[in-house]
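Q: Attaching a single structure in structure tokens format; questions to follow.
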Amino acid sequence: MSSGLTAAGAHHDSAARHKADHMKDGVEMATAPAGKGDGEMREKLLDLLGLPAGARQRDALGALNEANLADAAVILSVEARIATVRSAIAGLYHDYDESKVQLLEGAEHVRKRPGMYIGDVGQRGLHHLVNEVVDNAIDEALAGICKNIDVIIREGGSVSVKDDGRGFPTGIVEEHGMSAVELCMTRLGAGAKFDRGSYKVSSGLHGIGVSAVNFLSEWCNVETSRGGHTYRIGFRRGVTSEPLHEIGTTTATGTTVTFQPDSEIFPDVNFQFETLGKRLRELAFLNSGLRISIRDERDGREETYYYERGIVDFVEHLNEGKGALHPTLFVTRRDDERNLACELAMQYTDRYDEVLMSFANNINTHDGGTHLSAFRAALTRAVNNYGRKANLFKANEPLPSGEDIREGLTAIISVMVPEPQFESQTKVKLTNSDVGTFVETAVGEWLSTRFEENPAEAKRIVQKAVASAQAREAARKARETARKSAMSGAGMSRKLVDCSSRDVDETELFIVEGDSAAGSAKGYRDARTQAILPIRGKILNVEKARLHKILSHEEILEIIKALGTGIGVEDFNIEKLRYGRVIIMTDADVDGSHIRTLLLTFLFRHMRPLIDKGVVYIAQPPLYQLARGKKREYVVDDGALNAKLKQLGLEGARMEIRRADASAQTIEGERLITLLELLEEIERIGRTLSRRGVVLQPFVSEFLRDGALPTWRATVNGAESYHYADEDYDAFKAAQPDGAEVSRTELPDTRRLARLLADLASFDCSVADLFMRRVEQVTGELTPAVFVIVTGSDDERPLDNLMETPVGVRAIGQKGWEVKRFKGLGEMNKEELWETTMDPANRVLRQVVVSDTDADADQIEIDARETDILFAILMGEDVEKRRNFIETNAIHVKNLDV
């Protein structure tokens, strides 16, 4: 699935070890004992940093003082040094030309040691390249210049990032004898962000700029429009291959950077649309009024992100599927003297968890910092002060804690700081004390005024905090009861059939749907390492329940006892986990999927570390058995069945195209496989369109024009029209009379469909071949088939048209095989269940993960938020939102089994 919990094969990551040496501008710098030469090292470091000697007394640079000079060389690695300099001398003005571009030396080791600059060369590092280029455009937006950013994944695998900012300066930087744009692209640390006169704040603090992108690319081209002219310059692996030259005139300004990641550096150079799209959407949320689009030319997907209300829209996006208690609150404050700015959006919902996010200069501070702590303190004080003043607290009860007050709260706080200071190089915690003072004062005053002016709203918030405190006390008593039960000997699950081994690394717990399936599992398991816990029916939907109610549910209590970890923030301890794997094993049908979803909801909401640690798996019991004589094969779902039948049908097969006016043509081997894949994709898109009420054949026949198909369907007062681009639809809508009800429906994948139809020509086929029909002749026989599949034994299967090819191949593959569909786990005998689902030598397990294992912290948090929204919508109480979600996303389902 595109968002939410995903499943992947089991795998283990090995942490990379770094040497004690660090690179600085291509010069090896290692730690050395303090002593003779300290003064020379200090002066050299200060000189290379371009800072005055007096700076040695300041700790802002991390280590330049007498006590820890010996560690300075290690701390001032390339990334730390550049980030520090960016923070220390961020500009406060907006004039920007070649005179503002300064140089921090060195880049010759980027290709040799890419991990030092982008983290790694896996998917995380690959997507970091795009982030670096986008960061440049975002800085233009922060400067108030850029309004549009377009990211395009090209068919060949390259990526273009286009903005309408000021454009790269093209004048000559006299000191270096080259244009400013060439300097920025070929020297690490060159750029205007090191000069006070160009940028007030900068978001690009995660890396070392667009030059590293250039060095790690097979080729890179830059087009910059500025001063009425457009210029172009090209590079190959960081070396200028196409000198800067004018390619035209224009009234627009902006920059387009296009690069192809180097396959010599990156083992996989395929960009993921979803990964880039999620990050770009977050940036659009954080920069109100900025339009960011992403288009994938490989399959035609396209998304545009634009949020006029910025983080207000962000909060409401996070609260999808939750019941809001009040409209989203929003405040913005500025301190012009210190050049600080703060935005806060917050909303309470009927849920029991809190979602707090903090950003500094568009950087996600995952561990919070002074700005987030200040908000928490201001909120707690304001709520308790109002509650006391309005007599909303009982005299004999303690005040709600900060945790109680934040129950059900979703809040985003974003600050802009000229010189941000972070706790570590990973920049996940802001430490500026002046920011904390500014936020606490500004937010505290605003909340107090807001509560006074909106007493009904304030009362609801206070009452929710009081209810949270009461529920916390009830949960405490329930946990205490559970502890006493455990101490009295009743703490072990009554239903658990345990294994004999106590080695967590080799043991696994199967949570099994139904007693009959559990019986089969018990009868043929590895009793030394495999434990069985049967559950009856569908467990409680914890999305709608408080903790004390969850602890009173029998089936969930059995799971908690079996795992041994406890539950909830206060009591959960993953070190007490009794099994190395927790495997959910349910039927391969709709009811089984529902039970699995309820279990995952429970684990995600109340035992999330189990998922983060990667110990939760989903068993893959087969849905089908294929039998031929004594031979048995099993497949897990319809997709796997079709793939297996296709494989069998292709053995020795070929397709013959027998046109009356031409000699027969044969397609076989890899070409036949490629044709089948093309036709299957057309078939899939046809099913997707049918869910939108569009029938493939008449749609293609009527609307395929000049190799293009419509992407939108508009409806006006019941009448339909089709449009090929946003501009067509906008013009159509504008032409409608006032009061006309106009709605539009996206037609997904039609750009890809048009390309697939064009690819038919490479097989000497046309669109008409897809839908042709054989007609009955006077003799009663059908006209000769144009398309015929010939098996390895020379049997022939005529087809009515080209679209029947996948079905025909599968029919040939099924010949001689009996296909049996299992209705549930209990229908298998114990040998079958062991062989297909439990035997480590044969089984397939899907590991449950929130995000890809090699994703960085930002991506993991983004995926976790999308998972949270998915659970809230699908498992929450808002029926209308759930219906809308299903109707909207049903078009993307490839395999549906109901």
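Q: Can you tell me which residues in region 161-177 are assigned to a strand (DSSP E or B) and of a type outside the set (A, V, I, L, M)?
A: Within region 161-177, LYS162, ASP163 meet the criteria.
Q: Answer yes or no as to whether ALA212 is closer than 24 Å to VAL121 by Cβ, out of contact with any Gly (no Cβ under 8 Å at 6 or more places or on another chain) and either in a helix (DSSP H, G or I) or aliphatic (A, V, I, L, M) (or both).
A: It is true that ALA212 is closer than 24 Å to VAL121 by Cβ, out of contact with any Gly (no Cβ under 8 Å at 6 or more places or on another chain) and either in a helix (DSSP H, G or I) or aliphatic (A, V, I, L, M) (or both).
Q: Among the residues of region 334-367, write down those that are assigned to a loop (DSSP other than H, G, I, E, B) and either closer than 30 Å to HIS548 by Cβ or touching a residue at least 60 places away in the same chain (Cβ under 8 Å) (or both).
A: The answer is ARG338, ASN339, ASP350, ARG351, TYR352, ASP353, GLU354, ASN361, ASN362, THR365, HIS366, ASP367.
Q: In region 198-226, what residues are charged (D, E, K, R) and either at pLDDT 85 or above or surrounded by 24 or more Cβ atoms within 10 Å (Cβ to Cβ) (or both)?
A: Matches in region 198-226: GLU218, GLU223, ARG226.
Q: Can you tell me how many residues in region 136-183 are of a type in the set (S, T, N, Q) and within 30 Å of GLN123 (Cβ to Cβ)?
A: Counting residues in region 136-183 that are of a type in the set (S, T, N, Q) and within 30 Å of GLN123 (Cβ to Cβ) gives 4.
Q: Can ARG81 be described as at pLDDT below 85, in the same structural domain as ASN270 (by TED's automatic domain parsing) and within 29 Å of THR431 (Cβ to Cβ)?
A: Answer is yes for this residue.
Q: Now, a different point. For region 740-804, give me every one of the strands (runs of 3 or more DSSP E) that falls completely inside it and has 2 or more residues that are touching a Gly at 6+ places or on another chain (Cβ under 8 Å).
A: The strands (runs of 3 or more DSSP E) meeting that bar are 796-799.
Q: Next question. Given the conditions (1) surrounded by fewer than 17 Cβ atoms within 10 Å (Cβ to Cβ); (2) touching a His at 6+ places or on another chain (Cβ under 9 Å); (3) basic (Lys, Arg), report the number of the one that ARG388 does not fulfil.
A: (2)
The rows are residues; the columns are (1) over 27 Å from the mean Cα position of the chain (by Cα); (2) of a type in the set (A, V, I, L, M, F, W, C); (3) assigned to a loop (DSSP other than H, G, I, E, B).
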| site | (1), (2), (3) |
| --- | --- |
| PHE375 | yes, yes, no |
| THR380 | yes, no, no |
| VAL383 | yes, yes, no |
| ASN391 | yes, no, yes |
| PRO400 | yes, no, yes |
| ASP404 | yes, no, no |
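Q: Within region 654-672, how many residues are exposed (fewer than 15 other Cβ atoms within 10 Å of the Cβ), assigned to a helix (DSSP H, G or I) and on the phi < 0 side of the Ramachandran plot?
A: 2
Q: Quick one: would you say GLU242 is assigned to a strand (DSSP E or B), among the charged types (D, E, K, R) and more than 24 Å from GLY156 (Cα to Cα)?
A: So GLU242 does not fit the description; no.
Q: Moving to a separate point now. Out of everything in region 136-179 that is within 22 Å of the chain's Cα centre (by Cα) and crowded, with 23+ Cβ neighbours inside 10 Å, what residue ends up being modelled with the lowest pLDDT?
A: That would be ASN136.
Q: Here is a further query. Which number in (1) surrounded by fewer than 19 Cβ atoms within 10 Å (Cβ to Cβ); (2) of a type outside the set (A, V, I, L, M, F, W, C); (3) touching a Gly at 6+ places or on another chain (Cβ under 7 Å); (4) not assigned by TED's automatic domain parsing to the domain that holds ASP759 marks the one condition that GLU651 misses?
A: With (1) surrounded by fewer than 19 Cβ atoms within 10 Å (Cβ to Cβ); (2) of a type outside the set (A, V, I, L, M, F, W, C); (3) touching a Gly at 6+ places or on another chain (Cβ under 7 Å); (4) not assigned by TED's automatic domain parsing to the domain that holds ASP759 applied to GLU651, the lone miss is (4).
Q: Could you tell me how many of the residues in region 258-269 are assigned to a loop (DSSP other than H, G, I, E, B) and out of contact with any Lys or Arg (no Cβ under 9 Å at 6 or more places or on another chain)?
A: Here the count works out to 5.
Q: State the number of residues belonging to region 643-672 that are in contact (Cβ under 8 Å) with a residue 60 or more places away in the chain, touching a helix residue (DSSP H, G or I) at 6+ places or on another chain (Cβ under 9 Å) and under 16 Å from ARG797 (Cβ atoms).
A: 11
Q: For region 311-333: of the residues being within 18 Å of VAL415 (Cβ to Cβ) and outside any strand (DSSP E or B), which is farthest from the chain's Cα centre (by Cα)?
A: Within region 311-333, the match that is farthest from the chain's Cα centre (by Cα) is VAL312.
Q: Give the residues of region 738-767 that are β-branched (Val, Ile, Thr) and either exposed (fewer than 13 other Cβ atoms within 10 Å of the Cβ) or more than 24 Å from LEU802 (Cα to Cα) (or both), sorted by residue number.
A: VAL742, THR745
Q: State all residues of region 686-713 that are at pLDDT 90 or above, surrounded by fewer than 13 Cβ atoms within 10 Å (Cβ to Cβ) and either assigned to a strand (DSSP E or B) or under 33 Å from the mean Cα position of the chain (by Cα) (or both); if no residue qualifies, say none.
A: The answer is VAL695, ARG705, GLY707.
The values are calculated or read from the model by the stated rules, or taken from the named source; none is laboratory data. These figures come from a predicted structure and were not determined experimentally. Neighbour counts are summed over all protein chains in view; Cβ atoms, including those assigned to glycine, are modelled from backbone coordinates with ideal geometry.
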